[in-house]
Amino acid sequence: MADPFVELRDVTKAYRRDESEVPVLNGVDLTIGRGERVSIMGRSGSGKSTLLNILGCLDVPSSGEYRLDGHDVSHLSDNELSRLRNATFGFVFQSFHLLKGLTIAENVELPLEYCEGGASHRDRALELLTLVGLEHRLSHRPNELSGGERQRVAIARALANHPKLLLADEPTGALDSKAQRAILDLFTRVHRSLGTTLVIVTHDPKVAEELGDRVIHMSDGRVGG
Amino acid sequence: MTRTKVLRRSLVQFRTHPLRTALALLGMVLGVSSVVGMVSIGEGAQREILASIEALGGDVVHVKAKDVPDEKVGEIVNDSRGLNRNDLSAVRSAVGGAAETGYARWSALGVTDLPVSTYNVKLVAVEPTLFDIHRLKVRTGRRLLALDDVYGRRVAVLGSDVAERAFPGGALGKRIRIGYAYFEVVGTLEPKRAGADLPLDPESYNRAVVVPFNTAVEEVAPPDTYKEIDVLSAKVGGLAETLAAKRALGPVLRALHGGIEDFEIIAPEEILEKKRATQAILNVVLTSIAAISLLVGGIGVMNIMLANIMERITEIGLRRAVGASKKDIRDQFLVESVIICFVGGTIGVVLGYAVSFAVGWAFHLTVAFAWMAMVFAFSLSVGVGLVFGIWPAMRASRVNPVVALQRE
């Protein structure tokens, strides 16, 4: 691959449960190019969410090497990982995870709160909410929105810090088909206009086909063909 | 991460959970208000003691005749003549030559035409200097003067109670009969405050008819066979010197009285020290109780912060995902508990004073508005917020974001 952005080399992950180690990833090799769209499919328990967490530096591999944009990130401190998440990644979750005490705009601004720099947060929030078509809902609360709208807010939040890598875990899993359509279109539009690298975990083959330049199948903690 | 951001984040949390915040607040309010209440009532009691001692002059040593039962007077009368005016010069020289002195005799009023019941009204025959030494303040008319005493004038000054009850329309110029003589009322006294349990209760001046000493001797009643005066007071340099004066006086008077302790020397400093010692014990007890309630308040805050972590675990996970460091999460939770405690402390201080002033009003206690107690309570509540907030905050910061984000 000409310009690899993400490189995983023989990455393993095992969790301690009581006295025994439960292996979840058994030596994953994966390279994702800059601007590439990758879908990860697999049954539940196949390790795809764990892989996504490791890609997003929410979790660290038990062994193996993770190079991000040419830098080894497998041995960074917790603080450095926090900063990296803030500056490099955008997360989209199946259940949105919007904070119900905050307005839509405040939710979108959340990643900006944790970075240095004084650009106007509200302007950026407005810009992003316009992108996802919710600029009129600025001061609403998440529970006043439909599921599809909430996921659009979550995508706006994920984009707040100009992420280089957008990570989505079952982004359409909790939505009806109409809302699902809108979210898929939004991802396509975001990728086309921003060129963000996209990794999506899903168990829906149609979603995987539509959003992935490449579809990766996982089983038993290994990447298959 | 700027401070205002952290602050705003915490306020959002309070907006989202008003009831829970209010309950945590309540614990702190009660804790701090009990601290403030205890301290201000305790401090008030201290000042009350001081004020009651000041009422008869804090810088005065009193010698009070001890009552000797009539049947025993015979046994001691050959050795001692009781407290009398001859003791005066000895007292003067013992406490320092220039000391101001005054004496008084307290006796039953006897026959009188005062239009009130007089069973607890006393006839107080004084040397007029006592007006200064005992700090008797004139409300209307004039005080007794040295010449009243020298010429045996038949004039009287009424205590506030007597004056108000006997002559509601004004006592000045009225003529009253005491024994077989008529006296002109030339003045009335300001009321004196109650003196807790001083051997000499300042309040008894409120129920007194005060007349010049010599007039009383000539016109009303001859002196006792045994003792001539009941109280002899000498002004010394200040409160701190009263105990020294007492120590100097004791041997002198004992020698004059043939070794018989038919007198009692009252030094305000000594009384004050005794009172303070009891009060100090009481204060320790009260403060411990208050500290326990503050502790309970703090535990309440900790409890609620811990419950917060469980409920907001996905929030923590999400914040971590978008870039919050452990320190950011810790600070957010810590600031929340400190704010709860600070606000609770503020309300508690106000409430504490309100309650203690209400209690003071209801039970006629002196309540002090102590600035120190306020500062103390404030810093204590912030301290409680830090101490009881740090553990939940550390726990929140250690939440694993992966696990947290799996929760729904």
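In this structure the amide hydrogen of residue A:64, modeled in the peptide plane, comes within under 5 Å of the amide hydrogens of A:12, none closer than 5 places in sequence on its chain.
For chain B, the convex hull spanned by the alpha carbon atoms encloses 196 Å³ per residue.
For the segment B:12-19, counting C-beta atoms of other chains within 10 Å of every residue's C-beta and taking the mean gives 2. Scaling the Cα radius of gyration of the stretch A:130-189 by the globular reference 2.2 N^0.38 Å produces a ratio of 1.08. The distance separating the Cα centre of the stretch A:171-225 from that of the stretch B:331-408 comes to 49 Å.
Given Cβ point charges of +1 (Lys, Arg) and -1 (Asp, Glu) and nothing else, what value in debye, to the nearest 20, does the dipole of chain B about its Cα centre take?
For chain B, the charge dipole is close to 2640 debye.
Annotation for the stretch B:221-243 versus the stretch A:46-80: alpha-carbon center distance of 93 Å. Peptide packing for A:54-67, B:280-293 was compared via the average number of neighbouring C-beta atoms within 10 Å per residue; ordered from the highest value, the list is A:54-67, B:280-293. What the phi angles of the stretch B:353-366 give under the Karplus curve with 6.51, -1.76 and 1.60, with θ = phi - 60°, is a coupling list of 5, 4, 5, 5, 5, 5, 4, x, 5, 5, 10, 6, 9, 7 Hz, glycine and proline written as x. Across all directions, the average flat footprint of the convex hull enclosing the Cα atoms of the stretch B:215-324 is 16.1 nm².
A cut-off under 15 angstrom between Cβ atoms defines the neighbours of residue A:138, and their net charge, with Lys, Arg +1 and Asp, Glu -1, is 0. Relative to its Kirkwood radius, the Cα radius of gyration of the protein assembly as shown gives an Rg/Rh of 1.36. The antiparallel fraction among DSSP beta bridges confined to the protein assembly as shown stands at about 65%.
Taken residue by residue and averaged, Cβ atoms of other chains lying within 10 Å of the Cβ of A:100-111 number 3. Just so you know, the averaged projected area of the alpha carbon convex hull for chain A sits at 12.8 nm².
Binning the C-alpha pair distances of the stretch B:57-268 at 5 Å intervals from 0 yields a P(r) profile of 1, 7, 15, 19, 19, 16, 12, 7, 3, 0, 0 %, listed from the shortest bin outward.
Where the accessible area of the stretch B:249-408 is counted over protein heavy atoms with a 1.4 Å probe, how much of it, in %, is carbon and sulfur?
Result for the stretch B:249-408: 74 percent of the exposed heavy-atom area is carbon or sulfur.
Cα centroids of the stretch B:1-79 and the stretch A:1-24: 65 Å apart. Largest to smallest in accessible area, the residues A:157, A:192 fall in the order A:192, A:157 (1.4 Å probe, all protein chains included).
P(r) for the stretch B:350-394, from all Cα pairs and a bin width of 10 Å, is 25, 35, 23, 14, 4 %, short bins first. Translational diffusion coefficient of the stretch B:94-158 at 4 °C, 1.567 mPa s, Stokes-Einstein with Kirkwood Rh over Cα pairs, in µm²/s as a whole number. The diffusion coefficient I find is 95 µm²/s.
For the stretch B:173-241, which chymotrypsin sites (Phe, Trp or Tyr not before Pro) are in a loop by DSSP, counting at most 16 other Cβ atoms within 10 Å? When the chymotrypsin sites (Phe, Trp or Tyr not before Pro) of the stretch B:173-241 are filtered for loop state and at most 16 Cβ neighbours within 10 Å, B:180 remain. Can you tell me the orientation of helix B:242-256 relative to chain B, as the angle in degrees between its alpha-carbon axis and the longest Cα principal axis, to the nearest 10? In chain B, helix B:242-256 runs at an angle near 30 degrees to the longest axis.
About the centre of its Cα atoms, the protein assembly as shown shows a dipole size close to 1380 debye [charges on the beta carbon of Lys, Arg (+1) and Asp, Glu (-1) only; nearest 20 debye]. Could you pull out every residue, at least 5 positions away or on a different chain, whose amide H is within less than 5 Å of the one on residue A:197? Hs are placed 1.01 Å off N in the peptide plane, and Pro or chain starts have none. Those lying under 5 Å, H to H, from residue A:197 are A:35, A:166.
What percent antiparallel are the DSSP beta bridges of chain B, to the nearest 5? The antiparallel fraction comes to roughly 75 percent.
Working from Cα positions, state the angle (0 to 90°, nearest 10) between the long axis of helix B:3-16 and the longest principal axis of chain B. Its long axis makes an angle of about 90 degrees. If you take all other residues with their beta carbon under 15 Å from the beta carbon of residue A:70, and give Lys and Arg +1 and Asp and Glu -1, the sum is -1. Estimated purely from DSSP H runs of n ≥ 4, each contributing -39500 (n - 2.57), the mean residue ellipticity at 222 nm for the protein assembly as shown is -15500 deg cm²/dmol once divided by its residues. What is the stretch B:258-387 by shape, rounded, prolate or oblate, if you read a ≥ b ≥ c off the alpha carbon gyration tensor as root eigenvalues and call it rounded for a/c under 1.5, prolate for a/b larger than b/c, and oblate otherwise? Note, shape of the stretch B:258-387 comes out prolate.
Surface analysis of the protein assembly as shown yields an accessible area of 45 Å² per residue, using protein heavy atoms and a 1.4 Å probe.
Chain A against chain B buries an accessible area of about 2200 Å², both chains summed, 1.4 Å probe radius. The protection proxy used here, the mean number of other Cβ atoms lying within 10 Å of each residue, ranks peptides B:328-334, A:136-142 as follows, highest first: B:328-334, A:136-142. With the dipole of the stretch B:57-268 worked out from charges on the C-beta (+1 for Lys and Arg, -1 for Asp and Glu) around the Cα centre, which of B:253, B:168, B:134 lies farthest toward the positive end? Of the candidates, B:168 comes out farthest on the positive side. DSSP assigns beta bridges within the stretch B:57-268; of those with both partners inside it, close to 75 percent run antiparallel. The angle separating the long axis of helix A:104-113 from the principal Cα axis of greatest extent in chain A is about 50 degrees.
The values are calculated or read from the model by the stated rules, or taken from the named source; none is laboratory data. Since this is a predicted model, take the numbers as computed values, not measurements. No Cβ is skipped: glycine too gets one built from the backbone with ideal geometry, and neighbour counts run over all protein chains shown. Just so you know, the surface numbers come from the protein's heavy atoms only, side chains and all, with ligands and any DNA or RNA stripped out. Shrake-Rupley method; radii C 1.70, N 1.55, O 1.52, S 1.80 Å.
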